[in-house]
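The structure under discussion appears below in the form of C-alpha cells.
The values are calculated or read from the model by the stated rules, or taken from the named source; none is laboratory data. Source: prediction; values computed, not measured. Don't worry about glycine lacking a Cβ; one is built from the backbone with ideal geometry, like all the others, and counts go over all protein chains shown.
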RNA sequence: GUCCCCAUCGUCUAGCCAGGCCCAGGAUACCGGCCUUUCACGCCGGCGACGGGGGUUCAAAUCCCCCUGGGGACGCCA
C-alpha cells in the first residue's frame, strides 16, 4: 500500500486557532498512525493579508503542541511558477478560458441573484467569447454543465453534487495570482497528498477540486471532512467567543498535553476513555471514531484536563515550566529543591501555571500584608500566645512535617485552643492569607529560619485588637 | 434564497453500521456528603438526554420517510 501523506495548510492571516490546531492534530495523528508523513504547507497566496507574525505563531504553536512536520514548510508564494504553468495548460487544452468581467460587474450579478432568491453563480458569459480584447482578465475553469460529481468522503460516505450547482470558478486572478481552489489541487497533487483531512467548511469546495484533479490528469486523494468546532452560541468558533488562539492558552498557563488531549476528544472518542497521551493517541486514532456532528468548545473541560496534567506530571517538569510565569509575578528563582517542593504542594491546587505562579508567590517573599478578615478572626490574644509558644517549641524539635504537627497538636491541647484557630493564625503568619497548602508542608518548604522570621513578623500585629480596624496594613509598623 | 452537512444529558461523548444485554453508560459542569488545620485533591451520592411525527418489526436510541431545529457554503479570501 502506498505511503500515507497528509498535510496541514494554514494561511498566515491569523494566529493558529483551536479549530486549525485540531485539524493539524488529526492530520498528524492519521499520518503517524499509518506510519506516513505529515506535510506543512503555508497558504500565503493572499499577500496583503499574510503576516510574518502569524506565521511565527503558527509554527511555534504547532511545535509547542508537539505536532512536528516531516516536510516543509512549503510556501505557496514560492511556487507561483508551478501554478502559472498548470493554468496555462488548462487554457491550452481548452479546459479554462479568459474572463473579462470586472469584480464590480460580478458583485452586481451576485447581489441581483441573491435578491431574486437564486443561487449566486457566474452565468458563463465569457465562456463562449471568441475575441481577446486588450483588457485585464481572470482565468476561469470550464466546469461541466450537467451530470453529477460525487465526493467519496471517509466520514460521510458519498456526497453527490449536481454539476449545474457549480459554476466556472476563477483559478487565476486578473493580477496573475492563483486562487485557493486551484493551488490547493496543484499542491496536494504535486506533494503526493493521499488523504485530505480538513474542516467541514470545505466540503462544498470539494466537487470543484475533484473536477480540477481530473482536468489536470492527477489522481484524486481521499477526503475526510471534520465537523466544525462551535462556540457556546453554536456558531462557528471565532474571536467573539473569547480566546481561540492556541498561543493564548499557552500564555494563560495551559499545558500542551492538556490542549492536545482536549482537542483530540473534541470530535473523536475511544469508548469512555478521557485521558490520552500523544503516543496513545497515535496508537488509537482512527477516522472511524470521529463524530460527524459539530462540537461546542467547552473551556471548562479543557481547564479540568489542565488541572489533571498539572497534578500528574513530575514536579520537576512542572517547576521548569512554571519559571516564566513566576518571572511574570516578579519572582526570579532557579530550578532548585525549594521550588520543586513548593510546586508539589501546589499541584493539587492549581488549574493553570499562571494560577500556580500566583499561589507560589508567598514562598518566595514574606507577607507584606495580612488578609483583613483573617486578622480580625484569627489574630487574637490567644493566638498571639500560641504563636510565641509555638515559635519557641519548634526550635527544639526536628524540622519535619511529622514532628512539627505533633508539636503543634500538643500545644493546642496544652493551651486549650482549637486546632483550627491555631492553624489559621499560623497560616496567616506564614502566608499572609487564610488559604494555603497544608501548614506543615508550607513550613517544610520555607525552612526553620524563615518560619521563625515570619512568625516574629506576624507578632508585631497579632493580638492587638486596637489596631484591627486598620488591618491589612504593612506588618512591623 | 439555493446547495451541502448534522441531530443522545447544559457541554464533550459511548451505544447506532451488524435492532433486544439501554426505563440509555462515561466525562465535565452543578448540587449534596465524606475526608480535613484553610483551600484544594480524592472518594461516595444526586440532578440531567435518545428533537417531533409517521412507518418497518414480536421488539427501535439503533433501520426507512417526512417535519423541525442547528451548522456550513454560495469571493478575482483561504
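Points worth noting:
- For the range A:157-166, the condition of being surrounded by 15 or more Cβ atoms within 10 Å (Cβ to Cβ), within 8 Å of RNA strand B (Cβ to nearest atom) and within 30 Å of residue A:294 (Cα to Cα) holds for at least one residue.
- Verdict on residue A:48 being in a loop (DSSP other than H, G, I, E, B) and either out of contact with any strand residue (DSSP E or B) (no Cβ under 7 Å at 6 or more places or on another chain) or without any contact (Cβ under 8 Å) to a residue 12 or more places away in the chain (or both): yes
- A residue that is over 24 Å from residue A:362 (Cα atoms), in a helix (DSSP H, G or I) and at pLDDT 95 or above cannot be found anywhere in the range A:316-337.
- Answer from A:365, A:349 - the residue that is touching a residue at least 12 places away in the same chain (Cβ under 8 Å), near RNA strand B (Cβ under 9 Å from one of its atoms) and under 46 Å from the mean Cα position of the chain (by Cα): A:349
- Within the range A:191-215, the set of residues being within 14 Å of RNA strand B (Cβ to nearest atom) and in a helix (DSSP H, G or I) comprises A:200, A:201, A:202, A:203, A:204, A:205, A:206, A:207, A:208, A:209, A:210, A:212.
- Being touching a helix residue (DSSP H, G or I) at 6+ places or on another chain (Cβ under 7 Å) and more than 13 Å from RNA strand B (Cβ to nearest atom) is a description that does not apply to residue A:2.
- Counted residues, the range A:74-115 - those being farther than 21 Å from residue A:145 by Cβ and part of a loop (DSSP other than H, G, I, E, B): 2
- Among the candidates A:393, A:406, A:422, residue that is over 16 Å from residue A:446 (Cα atoms), more than 13 Å from RNA strand B (Cβ to nearest atom) and either without any contact (Cβ under 8 Å) to a residue 40 or more places away in the chain or not in a helix (DSSP H, G or I) (or both): A:393
- Positions within the range A:96-109 being near RNA strand B (Cβ under 6 Å from one of its atoms) and surrounded by 15 or more Cβ atoms within 10 Å (Cβ to Cβ), in sequence order: A:101, A:106
- Conditions (1) more than 28 Å from residue A:190 (Cα to Cα); (2) surrounded by fewer than 15 Cβ atoms within 10 Å (Cβ to Cβ); number of the one not met by residue A:35: (1)
- Restricting attention to the range A:121-149 and to residues that are touching a residue at least 24 places away in the same chain (Cβ under 8 Å), part of a strand (DSSP E or B) and within 11 Å of RNA strand B (Cβ to nearest atom), the residue that is farthest from residue A:210 (Cα to Cα) turns out to be A:138.
- Any hit, the range A:342-365, residues being surrounded by fewer than 16 Cβ atoms within 10 Å (Cβ to Cβ) and over 30 Å from residue A:305 (Cα atoms): yes
- Test: residue in the range A:299-309 that is more than 16 Å from residue A:263 (Cα to Cα), assigned to a helix (DSSP H, G or I), more than 10 Å from RNA strand B (Cβ to nearest atom) and within 18 Å of the chain's Cα centre (by Cα): no
- Picking from residues in the range A:231-246 that are surrounded by 18 or more Cβ atoms within 10 Å (Cβ to Cβ) and not in a loop (DSSP other than H, G, I, E, B), the one that is nearest to RNA strand B (Cβ to nearest atom) is A:241.
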